[in-house]
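The values are calculated or read from the model by the stated rules, or taken from the named source; none is laboratory data. These figures come from a predicted structure and were not determined experimentally. All Cβ positions, even for glycine, are placed from backbone atoms using ideal geometry, and neighbour counts span all protein chains on display.
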Amino acid sequence: MRLYVEVARRTYARISTYRSATVAGVFTNTVFGFLLAYILLAVYDERGDVGGFDAIDAVTFVFVAQGLLMVLGMFDDTEIADRIRTGDVIVDLQRPYDHQAWWAGVSYGKALYYVVFRGVPPFVVGALVFHLRLPSPGNALAFAVSVALAVGVAFGWRYLLQLSAFWLLDVRGANQLGWLTAQFLSGAFLPIVFFPGWLESVSRALPFASMLQLPVEVWLGQYDAGDLPWVYAQQIAWGVALVLGGRYAMSRAVRRVVVQGG
Amino acid sequence: MASLGVWRHLVGARIRADWQYRTSFFLFLLSQTAVACMDLAVVASIFSQVDSLAGWSGAEVALLFGLSGVPFGLADLTISQVESASRHIKAGTFDLFLLRPVPALLHLSASEFALRRAGRVLQPAVVLVIALVVAPIDWSVETVALLLVTLVSGTLIFGSVWVVTSSIAFWTVESQEVANAFTYGGSLATSYPIDLFATWMRRLLTFLVPLAFVAYFPAARMLGRDQPLGLPSSVAWATPFVAIASVLAARAVWALAVRHHRSTGS
């Protein structure tokens with residue numbers, strides 16, 4: 001366990017050297033926050049409530065979600081798949097540590113950095129212009145727990161997607177499709193309460209709502225203390241299912257590995 | 001013209017190369033189509049909650065969506081590869097493009113050409129055709145001409161935005177995400193009536209990053225609606241001139257950027 005905590009710590013240090021990339025990312029998240037916020041506010045000119053969200057909830061959702069995108073790593077990076085494609089993965093597999101836990105450490109290290117440097121600034125800029133909802137201390141704590149679980153769910157999905165490199169050679173198409181689906185169904189483009197009822201049900205029945213929609217709903221105080229265990233249970237169940245799926249896929253994949261050369 | 005021949009050859013080679021990995025090609029084509037479909041699903045979801053947005057009906061917003069999506073897809077297919085300049089500068093391989101007897105921009109965009117991006121054009125094209133039938137357009141010869149001019153101009157404007165924002169990479173290499181705010185953000189902004197944005201954003205989209213000319217002004221004229229910011233209806237016909245100005249500006253910025261280039265290689 002100490003090893004993986006150390007991996008997370010080193011990843012944090014590595015990512016924190018790319019300062020201008022962070023500034024550029026914050027700028028982009030903020031621009032998207034503004035565009036989406038105005039689009040949703042136009043909806044609230046027509047009606048006062050959408051699926052239990054008022055205008056302040058919706059705009060708050062947009063800025064919290066923009067801040068969480070990088071925390072969850074909801075973009076199609078190919079860090080794990082690249083090592084499979086080049087054959088370097090064989091070195092990783094020979095070492096005395098768990099491949100999946102190593103990459104989980106990387107994900108949590110990144111998440112910790114991004115939650116501070118990519119999560120907070122768009123929200124602060126948004127709050128200068130729009131009326132945003134701040135959580136009560138209790139909800140803030142509940143939100144932090146929910147985000148930590150969401151990072152695990154997103155990691156489980158990322159690991160599975162990138163393992164497809166064992167079968168596909170060029171993983172980018174599958175990867176992009178996988179993250180687009182995740183972004184859309186998790187509410188990254190539009191809170192899922194804006195979906196038609198059937199699509200919202202589909203989204204809530206899949207792991208994607210656990211990545212983004214549920215944590216932000218916790219922030220907004222949509223759940224009281226009695227409901228929270230149910231939210232966490234869903235997130236944990238999906239996290240465990242995806243991680244076990246990843247372990248199973250890996251156990252299948254290692255039987256296929258052929259490394260060229262000697 | 002000779003460069004165009006080279007471009008065709010390079011693009012042909014890229015298409016044949018991609019075709020070797022057929023599963024990946026189709027998955028990628030599918031995912032590119034899915035990108036556009038999800039943008040549409042967002043609009044459709046919004047209109048499942050309301051009948052109009054900032055006074056625009058669903059059919060009218062669909063027209064904006066098509067007029068924005070088709071040029072964005074065409075620019076994505078042909079020129080968005082300029083994004084990779086950032087990667088080449090970091091790796092020191094940008095020199096390669098400067099050493100060839102073909103304009104660097106042409107060579108760069110051809111060598112990274114990917115036919116799968118056509119998926120970005122197909123879906124908005126379908127929406128555009130449907131919107132042209134359903135939306136209350138006052139059809140005349142002028143409307144048809146405006147439509148064609150708008151599609152070409154929109155492609156040039158999006159392409160210029162891509163070139164200008166990607167040129168930032170010559171000064172700060174870790175800046176790719178800033179470009180995304182203008183290209184993908186621009187695609188989002190142009191898919192909706194600009195009336196719903198704050199006044200300063202409408203001014204920005206009209207005068208500084210002229211994305212309002214891609215879809216909004218032409219669509220407003222085709223639908224016989226009033227233009228915003230007190231502009232006359234004929235502002236729609238400024239579109240081709242804005243496109244030409246954008247291309248000239250992009251050329252100048254690109255030339256300046258390439259002159260500024262210092263290689264990391266040795």
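When A:Ser16, A:Ser20, A:Ser107 are checked against the criterion of being surrounded by 19 or more Cβ atoms within 10 Å (Cβ to Cβ), within 24 Å of the chain's Cα centre (by Cα) and of a type outside the set (A, V, I, L, M), a single residue qualifies: A:Ser107. The conditions of being modelled with pLDDT of 85 or more and over 29 Å from B:Val149 (Cβ atoms) are met by B:Ala13.
When A:Asp76, A:Asp92 are screened for being within 12 Å of chain B (Cβ to nearest Cβ) and within 30 Å of A:Arg256 (Cα to Cα), only A:Asp76 passes. Taken over segment B:43-58, the criterion of being among the β-branched types (Val, Ile, Thr) and in a helix (DSSP H, G or I) is satisfied by B:Val43, B:Ile46.
Among the residues of segment B:193-201, at least one is more than 20 Å from the chain's Cα centre (by Cα), assigned to a helix (DSSP H, G or I) and hydrophobic (A, V, I, L, M, F, W, C). Given the criteria more than 9 Å from every other protein chain (Cβ to nearest Cβ), more than 30 Å from B:Glu177 (Cβ to Cβ), without any contact (Cβ under 8 Å) to a residue 12 or more places away in the chain and not β-branched (Val, Ile, Thr), does B:Gln20 qualify? Considered against the rule, which asks whether it is more than 9 Å from every other protein chain (Cβ to nearest Cβ), more than 30 Å from B:Glu177 (Cβ to Cβ), without any contact (Cβ under 8 Å) to a residue 12 or more places away in the chain and not β-branched (Val, Ile, Thr), B:Gln20 comes out as yes.
Selection of segment B:77-117 for residues being in a helix (DSSP H, G or I), touching a residue at least 60 places away in the same chain (Cβ under 8 Å) and of a type in the set (D, E, K, R) yields B:Glu83, B:Lys90, B:Asp95, B:Arg116, B:Arg117. B:Leu29: touching an Asp or Glu at 6+ places or on another chain (Cβ under 9 Å), facing chain A (nearest Cβ under 9 Å) and surrounded by 18 or more Cβ atoms within 10 Å (Cβ to Cβ), yes or no? Against the criterion (touching an Asp or Glu at 6+ places or on another chain (Cβ under 9 Å), facing chain A (nearest Cβ under 9 Å) and surrounded by 18 or more Cβ atoms within 10 Å (Cβ to Cβ)), B:Leu29 does not qualify. Going through segment B:188-227 one residue at a time, which ones are closer than 21 Å to B:Ile46 by Cα and facing chain A (nearest Cβ under 10 Å)? Correct list: B:Leu188, B:Ala189, B:Ser191, B:Tyr192, B:Pro193, B:Ile194, B:Asp195, B:Leu196, B:Phe197, B:Ala198.
To keep it simple, each residue is scored yes or no on (1) closer than 26 Å to B:Val178 by Cα; (2) within 21 Å of the chain's Cα centre (by Cα).
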| site | (1), (2) |
| --- | --- |
| A:Gly67 | yes, yes |
| A:Asp98 | no, no |
| A:Pro122 | yes, yes |
| A:Val129 | yes, no |
| A:Arg133 | no, no |
| A:Ala140 | no, yes |
| A:Ala154 | yes, yes |
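Of all the listed residues (A:Leu36, A:Leu41), the sole one being buried (at least 22 other Cβ atoms within 10 Å of the Cβ), under 25 Å from B:Ala54 (Cα atoms) and either within 14 Å of chain B (Cβ to nearest Cβ) or among the small types (Gly, Ala, Ser) (or both) is A:Leu36.
Could you go through segment B:185-195 and let me know if any residue there is closer than 21 Å to B:Ser68 by Cβ and among the β-branched types (Val, Ile, Thr). Yes, there is a match, as at least one residue in segment B:185-195 is closer than 21 Å to B:Ser68 by Cβ and among the β-branched types (Val, Ile, Thr). Just one of the listed residues (B:Val11, B:Val61) is within 20 Å of the chain's Cα centre (by Cα), more than 10 Å from chain A (Cβ to nearest Cβ), surrounded by fewer than 20 Cβ atoms within 10 Å (Cβ to Cβ) and assigned to a helix (DSSP H, G or I), namely B:Val11. Test A:Asp54 against the criterion of being modelled with pLDDT under 90, under 27 Å from A:Ala37 (Cα atoms) and of a type in the set (Asp, Glu), and give yes or no. Considered against the rule, which asks whether it is modelled with pLDDT under 90, under 27 Å from A:Ala37 (Cα atoms) and of a type in the set (Asp, Glu), A:Asp54 comes out as no.
Does segment A:203-224 hold any residues that are touching a residue at least 60 places away in the same chain (Cβ under 8 Å) and more than 14 Å from the chain's Cα centre (by Cα), and which are they?
Result: A:Val218, A:Trp219, A:Leu220, A:Gly221, A:Gln222, A:Tyr223.
Residue by residue, here is whether (1) assigned to a helix (DSSP H, G or I); (2) surrounded by fewer than 16 Cβ atoms within 10 Å (Cβ to Cβ); (3) modelled with pLDDT under 90; (4) among the small types (Gly, Ala, Ser) holds:
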site: B:Glu142; (1), (2), (3), (4): yes, yes, no, no
site: B:Ala145; (1), (2), (3), (4): yes, yes, no, yes
site: B:Gly154; (1), (2), (3), (4): yes, no, no, yes
site: B:Ser160; (1), (2), (3), (4): yes, no, no, yes
site: B:Phe182; (1), (2), (3), (4): yes, no, no, no
site: B:Gly185; (1), (2), (3), (4): yes, no, no, yes
site: B:Leu188; (1), (2), (3), (4): yes, no, no, no
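Would you check if A:Pro96 is closer than 23 Å to A:Arg9 by Cβ, surrounded by fewer than 23 Cβ atoms within 10 Å (Cβ to Cβ), free of Cβ contacts under 8 Å to residues at least 24 places away in the same chain and out of contact with any Ser or Thr (no Cβ under 9 Å at 6 or more places or on another chain)? Spelling it out, A:Pro96 is indeed closer than 23 Å to A:Arg9 by Cβ, surrounded by fewer than 23 Cβ atoms within 10 Å (Cβ to Cβ), free of Cβ contacts under 8 Å to residues at least 24 places away in the same chain and out of contact with any Ser or Thr (no Cβ under 9 Å at 6 or more places or on another chain).
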